[in-house]
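A.B. asks: This is the structure, below, for whatever I ask next.
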Amino acid sequence: MKKILVSTGGGDCPGLNAVIRGIFKAAKKSKEWEVWGCMEALNGLDADPPEIVKLTAKRTAGIHVKGGTILKTSNTANPLAYPVVQKDGSIKRINRIPELAKKVQQLGFDALINIGGDGSQTISQALYENGLNVIGVPKTIDNDLSATDLTFGFTTAVQIASDCFDKLVTTAESHHRVMIMEVMGRDAGWIALHTAVAGGAEICLLPEIPYDLDKIVKRIRKRFNKRKGFVNIVIAEGAKPLGGKVVGRAAATAKDEHLKLGGVCNALRYELEQHPDMPKVQVRSTILGHIQRGGTPMAFDRILATSMGVKAFELVAAGDFGKMVSFQNNELTSVPIKEAIVEYNFVSKDHYLVHVARSIGIAFGD
């Protein structure tokens, strides 16, 4: 029997388990392949013995309705720049890709299916260039991979954010308040944009469109008449003012290179409360955070994720490596991983949904 190793890297995402199940079921039907899972992204390869588990019908039964990933995940210890503590306490980052590629092959695996976002697919490409048979599956709730029209988990994240936003609208109206809701979106504001249109926000702030505080205050003033009125704002965690910086802090461990974003809604709340032209109304802020990436995936995301899992196995079976599964024009296809990671999927100012938002009166603070 030939063997496939599956890994889930980066942040967790609704639909990951559906991909794993899709791969397993398609492989089982072929009667030629076994499927194994690597625990905590590729970190499981570092354990002694390696933390890898054989996927079975029992292990994968019913997992498509569950959030998270049965293989666990990690977005630290990037093998392209792996942190090694030196004798003097300093950190040296080394490339462990050749070592990992060799280890996967020594364990008897014929292919690796790596499920993850742009960072994980950059790792996929590096492993492929080091002789490993790799297939990528795009995963990101931010929908920030340009080589696919959609990534699984995004639709669920938008639905969760929209449900929460609907609840804030009613309390904003009841108390005549300004409510600010922060959603995920480090560099791409797709969740914020979709939520704003779905929920009927007055203001939507994105990483791609730096905002002018004075213009936000002016828009708020239009919504209030003698302190009567309300405003709901959706802001992506990576949004920033003109000439300003994102709100975040450095990670607590050397293994994690990512700036930890979060709290921009509180910063905006403070700025609004201090602004001389701001109406004398209450401003409240809510951070959704990891709520958006947990829980049961929507039916659409289960279907998309399952389909991507099956497609990934078919690429393995065909020996068509170095490819990433892609959903384009309502069809499943594949693109070279190298091409998939070249361009980031930002929200462009001329995107049709930005036009729709402006047409229904949503302001972007520009």
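What follows is calculated from the coordinates using simple rules that are stated; it is not laboratory data. Keep in mind the model is a prediction, meaning the values are calculated, not measured. Backbone-built Cβ (ideal geometry, glycine too); neighbour counts: all protein chains shown.
A.B. asks: Radius of gyration and Dmax for the range 79-132's Cα atoms, expressed in Å?
C.D. replies: When restricted to Cα atoms, the range 79-132 yields Rg and Dmax of 13.0, 40 Å.
A.B. asks: Pop a pseudo-label 7 angstrom from the Cα along the beta-carbon direction at both K92 and D166 and give the gap in nm to one decimal.
C.D. replies: 5.7 nm
A.B. asks: Could you check the simple spin-label distance between L259 and L242, using points 7 Å along Cα→Cβ, in nm with one decimal?
C.D. replies: Roughly 2.1 nm, to one decimal.
A.B. asks: If you don't mind, another one. Hey, in the GNM for the chain with a 10 angstrom Cα cutoff, which one of I63, I91, I337 fluctuates hardest?
C.D. replies: Looking only at I63, I91, I337, the largest GNM fluctuation is found for I91.
A.B. asks: Which value, in debye to the nearest 20, gives the size of the charge dipole of the range 210-366 about its Cα centre, when Lys and Arg are +1 and Asp and Glu are -1 at the Cβ?
C.D. replies: Details: 24 positive and 16 negative charges, 239 e Å.
In debye, rounded to 20, the range 210-366 gives about 1140.
A.B. asks: Just to be sure I understand the model, the point goes 7 Å from the Cα along the line to the Cβ. What's the resulting N266 to K349 distance in nm?
C.D. replies: 3.2 nm
A.B. asks: Further, regarding this structure: Which residue fluctuates the most in the chain, going by a Gaussian network model with Cα springs under 10 Å, if the choices are D88, D301, D12?
C.D. replies: Most flexible of the set in this elastic network: D88.
A.B. asks: Just to confirm a number: summing +1 for Lys and Arg and -1 for Asp and Glu over residues other than V354 whose beta-carbon lies under 12 angstrom from that of V354, what do you get?
C.D. replies: -1
A.B. asks: Are there trypsin sites (Lys or Arg not before Pro) in the range 1-61 that DSSP puts in a loop and that have at most 14 other Cβ atoms within 10 Å, and which ones?
C.D. replies: Filter output for the range 1-61: K31.
A.B. asks: Now for a different question. Give the lysines reachable from K228 as a straight Cα distance under 28 Å; neighbours fewer than 8 places away on the same chain don't count.
C.D. replies: K167, K215, K218, K280
A.B. asks: Quick check on the range 157-294: what does the Kirkwood estimate of hydrodynamic radius come out to from the alpha carbon pairs, in Å?
C.D. replies: After inverting the pairwise mean of 1/r, the radius is 15.1 Å.
A.B. asks: While we're looking at this one, here's another question. Pick from D350, D118, D214 the residue whose mean-square fluctuation is largest in a GNM of the chain, springs joining Cα atoms under 10 Å.
C.D. replies: Of D350, D118, D214, the most mobile in the Gaussian network model is D350.
A.B. asks: Using only the alpha-carbon atoms of the chain as identical scatterers, what base-10 log of I(q)/I(0) does the Debye formula give at q = 0.14, 0.15 Å⁻¹?
C.D. replies: The Debye formula, applied to the Cα set alone, gives -1.10, -1.20.
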